Every structure is written in structure tokens, then in C-alpha cells.
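Enquirer: Input: one structure, supplied below.
The values are calculated or read from the model by the stated rules, or taken from the named source; none is laboratory data. All of these numbers come straight from a predicted model, not from anything done at the bench. Neighbour counts are summed over all protein chains in view; Cβ atoms, including those assigned to glycine, are modelled from backbone coordinates with ideal geometry. Calculation scope for accessible area: heavy atoms of the full protein, side chains included, ligands and nucleic acids excluded. Shrake-Rupley method; radii C 1.70, N 1.55, O 1.52, S 1.80 Å.
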Amino acid sequence: MGRVIVARSAQEVDCIRSAWESLYREGRYTLFQSFAWNRLAAQVFAGREVPCVVFAETSGGIAILPGGRTPDNLTLLGEELFDYRDILAAGDGEAAALAWKTLGEIGGEMEFRVKAVRESSLDSGFGAPRVPGPGAQIFTSEFFANAPKIRRQDSPSGQKHHRLERNLEKMKAAGCEMKIANGCESRLVTEILSLKAMQEDKSLFRDPLRIEMVSRMAAASGNHCEIFALTHGSTIVAGLITFIDGEWRRLYTTYYDRRWAKYSPGVSLVNYVIGLSVEAGIDLDLMTGEQPYKQRFATSKEALFTLRTSASALRERSADIATELPIAA
């Protein structure tokens, strides 16, 4: 016996909030699997990524698949702003298989495609590791990027970058001040991202809806979002948006004013925040991409993958596991 619910709007996602938050608390998930952020994604991006969030429950387990459908393919919610994509699941894997089967039925002949899946999630079969259903083998995986990390056990005292420390002192001597705010000051997030968009032609944040989404992610995170800004009068010389996620500080995005480039303000600010975090006993995630400045700091890295499969494959590989059940929509 079992049941399936498909939530097709942010309001319908509210109906499975209790189960979602329970799974999230009990598992080793990231903020990108949190109810709050996925509920926001279902609301903010509804016009381009229609929610198809699948809740499945069987006698042996429970699963929530935060699915979405674009005009071109099936995916997971979060558009271009979420990394470390995953399904939330507990139990013997039957519920997870049922969730994937349901998403495959929704997709018809579409392709399923999602980026930035951690190798650990891929190895576990996306929630169905112990059954011959849609585990890792069903997906075509392609390396996407590495996510550099700084772990305290690899560098307990932190790496010292004296030139960057001196740069920060020079900027302070020139009249710059350090501002530290939490996610409730979402207008600061909006300002940092808007400046980044104006400066970078290929920035994701040339899209106002993405700026709105991150600002709302920050507001929802409250004290678990910390924003660092180096300012000179009304000018933001450098900005860094971070999220505290359990034992990790995730450095989500940075900005710097090119007029101050000789001081490397963005990297100097990152170095400052790294020092604060190491002293506080927090590991650091420099997030997706191996830009030179990240490699300078990193002590390890995590491989991320793009996964693809067909909706028909999701249906067929689950057929022997999840029997036909009525879907409450």
C-alpha cells in the first residue's frame, strides 16, 4: 500500500510541509533541499519552471522529489540558482522509486535533466540505493564542475595570505568600512547582485527574477545568511553573500568594484571571511567552479555532475518496484 501526492503550485507544496521538514531534519541535506527555499522556487519561478513536486509514501519509506517542468524538460526546482540537487528520502527505497516513476508519468516523452549533483548523491542512487529501480545506473552522468572546499582538518589553523590581509588594511586606511548584515537586510543582497549584473555581461543576475529569488532566500534564512560588504561612503567596494548550512559556510556569490581592482577587494574580502570562519570552527564551501582565487584557498574539492535520462526510462525502471497507485493532485 502507498500513496502519492503531486504538488503543482507553491500553495500545494504547503500541504506536505510537515513531512518535508521532518525528512530534512533527519537527513544529511543542504539548504538547497530545504522546504523554505524550494517553496520559494515553486513560487518565484512558476512561470518558467512549473512545480511537479512528488510526495510518495509506502509501508517501507517516504520520499519527496522536488520536481519541476520547463517547456523543454523535466528537472528539479531551483532554476540556475540551486546546486547540490537531490531527492529527500528515508526507508527502503520503494517510495523514492515510486516518486521517480510518478515524475516519469508526468513527463510523457520529455527528458529529465539536472545540473550540479554531488557524487555522493549519485552514488546513493538519488534516494533508491538498495532496489533495482532508478538508481545511479539509470542516469547518463557528465562531469559538470568541481566545488572547492576548505576543511578545518586539512588546514586547522587556516592558510595565511598576508598580501590579502595587507590589502584589506590599505583599503581601511583609505576610508573603507566593513559592514556585516544578516539576511533580513535583503536590500543589500539586491544591491550587490544588481551591481554584479551591471558589471558582468554573462552574469546570471542580469535576470531580475533571479535577484528577487536570492534576496528572498536570504530573507528566509535570517541569521543563517551573512552578508559582508566593504564600503567606501555609499559605494560597495566588495560584497560577499554567504549562508550558514550546518557545519558549513557556503560562499554563494561575490562582487567587487573594478575601480578598486589594485587592492583585489573581492578576494581580500573572501580571505577575511575565511579567517573568521576558521576561527569559529566552520568549514567553508567555495561553491561551484574552480576560479583561480578559489584554488588558491581550497584544501579539497567535490565533483558535481549533470544527469540526464528520459521520462520513459524513469517509468520503466520503476515499474517492478512501484505498483500503480492513485495520484492525488
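Enquirer: If a residue counts only when it is over 19 Å from residue 154 (Cβ atoms) and open to solvent by 30 Å² or more (accessible area, probe 1.4 Å), which strands (runs of 3 or more DSSP E) contained entirely in region 240-320 have at least 2 such residues? Walk me through it before giving the result.
Expert: Numbers: elements: 248-256, 283-285, 300-310.
In region 240-320, 248-256, 300-310 are the strands (runs of 3 or more DSSP E) which contain 2 or more residues that are over 19 Å from residue 154 (Cβ atoms) and open to solvent by 30 Å² or more (accessible area, probe 1.4 Å).
Enquirer: Examine region 40-53 for a residue that is at pLDDT below 95, on the phi > 0 side of the Ramachandran plot and not hydroxyl-bearing (Ser, Thr, Tyr), and state whether such a residue exists.
Expert: No: zero hits.
Enquirer: Still on this model: Restricting region 60-84 to residues that are open to solvent by 10 Å² or more (accessible area, probe 1.4 Å) and small (Gly, Ala, Ser), which is farthest from the chain's Cα centre (by Cα)?
Expert: Looking at the filtered set, the residue picked out is 60.
Enquirer: Sticking with this structure for a sec: Answer yes or no as to whether residue 214 is closer than 15 Å to residue 37 by Cβ and β-branched (Val, Ile, Thr). Explain how you work it out, then say what you get.
Expert: On the way: closer than 15 Å to residue 37 by Cβ: yes; β-branched (Val, Ile, Thr): yes.
Yes: the conditions hold for residue 214.
Enquirer: Right, something else. Considering region 23-41 alone, what residues qualify as being farther than 12 Å from residue 66 by Cβ, open to solvent by 20 Å² or more (accessible area, probe 1.4 Å) and either part of a loop (DSSP other than H, G, I, E, B) or in contact with a His (Cβ under 9 Å, 6 or more places away or on another chain) (or both)?
Expert: 27, 28, 31, listed by residue number.
Enquirer: Would you be able to tell me the number of residues in region 24-59 that are among the polar types (S, T, N, Q) and more than 15 Å from the chain's Cα centre (by Cα)? Don't jump to the end; show me each part of the working.
Expert: Within region 24-59, the subset among the polar types (S, T, N, Q) is 30, 33-34, 38, 43, 58-59.
Narrowing further to those that are more than 15 Å from the chain's Cα centre (by Cα): 43, 58-59.
Final tally of qualifying residues: 3.
Enquirer: Right, residue 222: surrounded by fewer than 20 Cβ atoms within 10 Å (Cβ to Cβ), at pLDDT below 95 and either not in a strand (DSSP E or B) or not aliphatic (A, V, I, L, M) (or both) or not? Spell out the reasoning first.
Expert: Values: surrounded by fewer than 20 Cβ atoms within 10 Å (Cβ to Cβ): yes; at pLDDT below 95: no; either not in a strand (DSSP E or B) or not aliphatic (A, V, I, L, M) (or both): yes.
No: the conditions fail for residue 222.
Enquirer: Can you name the residue in region 104-142 that is open to solvent by less than 10 Å² (accessible area, probe 1.4 Å) and under 18 Å from the mean Cα position of the chain (by Cα) and, of all such residues, is modelled with the lowest pLDDT?
Expert: If we filter region 104-142 for residues that are open to solvent by less than 10 Å² (accessible area, probe 1.4 Å), which is where we start, we get 104, 107, 112, 114, 116-117, 121, 125-126, 128, 133-135.
Those left that are additionally under 18 Å from the mean Cα position of the chain (by Cα): 114, 116-117, 121, 126.
On the way: 114: 96, 116: 95, 117: 95, 121: 85, 126: 70.
Per the criteria, the residue is 126.
Enquirer: Need the failing condition index for residue 3 against (1) in a helix (DSSP H, G or I); (2) over 21 Å from residue 224 (Cβ atoms); (3) open to solvent by 40 Å² or more (accessible area, probe 1.4 Å); (4) not small (Gly, Ala, Ser), just the number.
Expert: The one condition residue 3 does not meet is (1).
Enquirer: Could you list, in sequence order, all residues of region 249-263 that are in contact with a strand residue (DSSP E or B) (Cβ under 7 Å, 6 or more places away or on another chain) and either among the aliphatic types (A, V, I, L, M) or touching a residue at least 60 places away in the same chain (Cβ under 8 Å) (or both)?
Expert: First, the residues of region 249-263 that are in contact with a strand residue (DSSP E or B) (Cβ under 7 Å, 6 or more places away or on another chain): 249-257, 260.
Within region 249-263, 250, 251, 253, 255, 257, 260 qualify.
Enquirer: If residue 145 satisfies all but one of (1) closer than 29 Å to residue 62 by Cα; (2) small (Gly, Ala, Ser); (3) at pLDDT 75 or above, what's the number of the condition it fails?
Expert: It fails just one condition, (1).
Enquirer: Looking at 170, 196 in this structure, which one is open to solvent by less than 80 Å² (accessible area, probe 1.4 Å), of a type outside the set (A, V, I, L, M), part of a helix (DSSP H, G or I) and closer than 20 Å to residue 259 by Cβ? If you could, list the steps in order and put the result at the bottom.
Expert: On the way: 170 fails: open to solvent by less than 80 Å² (accessible area, probe 1.4 Å).
Unique residue meeting the criteria: 196.
Enquirer: What's the number of the condition residue 255 fails, among (1) modelled with pLDDT of 95 or more; (2) within 13 Å of residue 149 (Cα to Cα)?
Expert: Here residue 255 clears every test but (2).
Enquirer: Just wondering, is there one or more residues in region 85-103 that are open to solvent by less than 10 Å² (accessible area, probe 1.4 Å), within 19 Å of residue 39 (Cβ to Cβ) and outside any helix (DSSP H, G or I)?
Expert: The first filter runs over region 85-103 and keeps only residues open to solvent by less than 10 Å² (accessible area, probe 1.4 Å), leaving 87-88, 93, 95-100, 102-103.
Then drop every residue that is not within 19 Å of residue 39 (Cβ to Cβ), which leaves 87-88, 99, 103.
Imposing the further condition that a residue be outside any helix (DSSP H, G or I) reduces the set to 87-88.
Yes; the residues of region 85-103 include at least one that is open to solvent by less than 10 Å² (accessible area, probe 1.4 Å), within 19 Å of residue 39 (Cβ to Cβ) and outside any helix (DSSP H, G or I).
Enquirer: Just to be sure I understand, how many residues within region 42-58 are in a helix (DSSP H, G or I) and buried (at least 20 other Cβ atoms within 10 Å of the Cβ)?
Expert: Going residue by residue through region 42-58, those that are in a helix (DSSP H, G or I) are 42-44.
Narrowing the set further to residues that are buried (at least 20 other Cβ atoms within 10 Å of the Cβ) leaves 42, 44.
Number satisfying all stated conditions: 2.
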